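The values are calculated or read from the model by the stated rules, or taken from the named source; none is laboratory data. Keep in mind that what you see is a predicted model, and the values were worked out from it rather than measured. Every residue, glycine among them, receives a Cβ derived from its backbone with ideal geometry; neighbour counts consider all protein chains shown.
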Amino acid sequence: MIFDAHCDVLMKLWLNKHLSVKDSSALHVTLKGLEKAGGKVQLFAIYIPEAVPSEHQFDVALEMVQLFHTHILTLPNVKWVKSRRDVANLEEDEIGAMLTLEGCDAIGDNLVRLQTLLSLGVRSVGLTWNYSNALCDGILEPRGAGLSTFGRTVVKENNKRLVWTDVSHLSVKGFWDTIEEAEFVVATHSNAYKLCSNPRNLNDEQIEALIKKNGVIGITFVPQFLSDHNRATIGDVLKHLDYICGKGGEYAVGFGSDFDGIEQTVQGLGSYKEYENLINELVKHYSAAQVDRFLFHNFVNRLH
Ligand SMILES: [Zn+2]
């Protein structure tokens, strides 16, 4: 069983509403792929492309919620999950789908917009994407500012609603402010900086802080975040996993593929269907209980 903490299928559907999630070759995550590889819970991010003017962004977020209903929840055996109990209640042949928000640009500085998205089922909130907004700076914003007063208000709202705050994409200062403020913190798609020096990755102190905070790090299949060379392999995915385990993170690590948010893919991990190849490698190096933890339980255990 696989719990995958991040994909961008909703963005691809928004760009092309005629795509079918059943078995389209234009998508990395499909129902066929989930069924083949043992996908059990998939998180679907609302990510609004940078090109959308700010005054339209909230409308686009709502359109993506609607696409989640029309294109994902209508798939056979796919059920909407919002809690650990919902996941536990899935039948053997059922797959859970959960909504997340990647970046809060769409809410502007309006808390009601966030509250509305939470009421519509969003269970994990990334505060910003790579740049700045009313909450925080992202990791590629040269200023590198941390949480604003409004950013702290949003994190407190997440805490109150038992929603995860996602630190992937945050500036370093924003990361540490969030560690201080958030009760339920995850990095849905980030790797270890020590192994690959991309600014999107987490340094040792950040990894240790997440582990200490009872958070989870979703290792991501973005080749540029896995290897400093031009291409990445499943072996690189295992290196990041092993590194985080070595820091004491055996119970604090999972996977967040970023499928459908990436152009290039890991060799042998070109779509959800090929998750099997990763699992086949995992079982060679870890016990069955460890593999289950990485693939599923570590994230599920943090749901409320
Ligand atoms: Zn992302």
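Okay, here's what the table says:
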item: In region 204-242, residue nearest to residue 260 (Cα to Cα) [restricted to those that are in contact (Cβ under 8 Å) with a residue 60 or more places away in the chain and polar (S, T, N, Q)]; result: 220
item: Region 136-165: number of residues that are among the acidic types (Asp, Glu) and away from the ligand (no atom under 16 Å from the Cβ); result: 1
item: Checking residue 268 against (1) over 17 Å from residue 7 (Cα atoms); (2) surrounded by 17 or more Cβ atoms within 10 Å (Cβ to Cβ), the condition it does not meet; result: (2)
item: So residue 73, is it surrounded by 16 or more Cβ atoms within 10 Å (Cβ to Cβ) and either hydroxyl-bearing (Ser, Thr, Tyr) or more than 16 Å from the ligand (Cβ to nearest atom) (or both); result: no
item: Residue list for region 9-36, filter: among the aliphatic types (A, V, I, L, M) and crowded, with 20+ Cβ neighbours inside 10 Å; result: 9, 10, 11, 13, 21, 27, 29, 31, 34
item: Region 164-187 residues that are at positive phi, paired with ones that are within 16 Å of the ligand (Cβ to nearest atom) and part of a strand (DSSP E or B) (beta carbon under 9 Å, 6 or more apart); result: 169/102; 169/126; 169/138
item: Residue in region 174-191 that is over 21 Å from residue 299 (Cβ atoms), buried (at least 17 other Cβ atoms within 10 Å of the Cβ) and in contact with a strand residue (DSSP E or B) (Cβ under 7 Å, 6 or more places away or on another chain) present; result: no
item: Helices (runs of 4 or more DSSP H) lying entirely in region 1-93 (those with 3 or more residues that are touching a residue at least 40 places away in the same chain (Cβ under 8 Å)); result: 9-15, 31-37, 54-67
item: Residue 135 vs. criteria among the hydrophobic types (A, V, I, L, M, F, W, C), without any contact (Cβ under 8 Å) to a residue 60 or more places away in the chain and part of a loop (DSSP other than H, G, I, E, B); result: yes
item: Residue that is nearest to the ligand (Cβ to nearest atom), among those in region 22-48 that are more than 26 Å from residue 164 (Cβ to Cβ) and not hydrophobic (A, V, I, L, M, F, W, C); result: 24
item: Residue satisfying condition, being crowded, with 16+ Cβ neighbours inside 10 Å, at pLDDT 95 or above and more than 21 Å from residue 303 (Cβ to Cβ), within set 143, 152, 123; result: 152
item: Residue ID - nearest to residue 27 (Cα to Cα), chosen from residues in region 246-265 that are touching a residue at least 12 places away in the same chain (Cβ under 8 Å) and away from the ligand (no atom under 16 Å from the Cβ); result: 253
item: Single match in 197, 227, 190, 168 (criterion: out of contact with any Phe, Trp or Tyr (no Cβ under 6 Å at 6 or more places or on another chain), within 25 Å of residue 277 (Cβ to Cβ), more than 16 Å from the ligand (Cβ to nearest atom) and among the polar types (S, T, N, Q)); result: 227
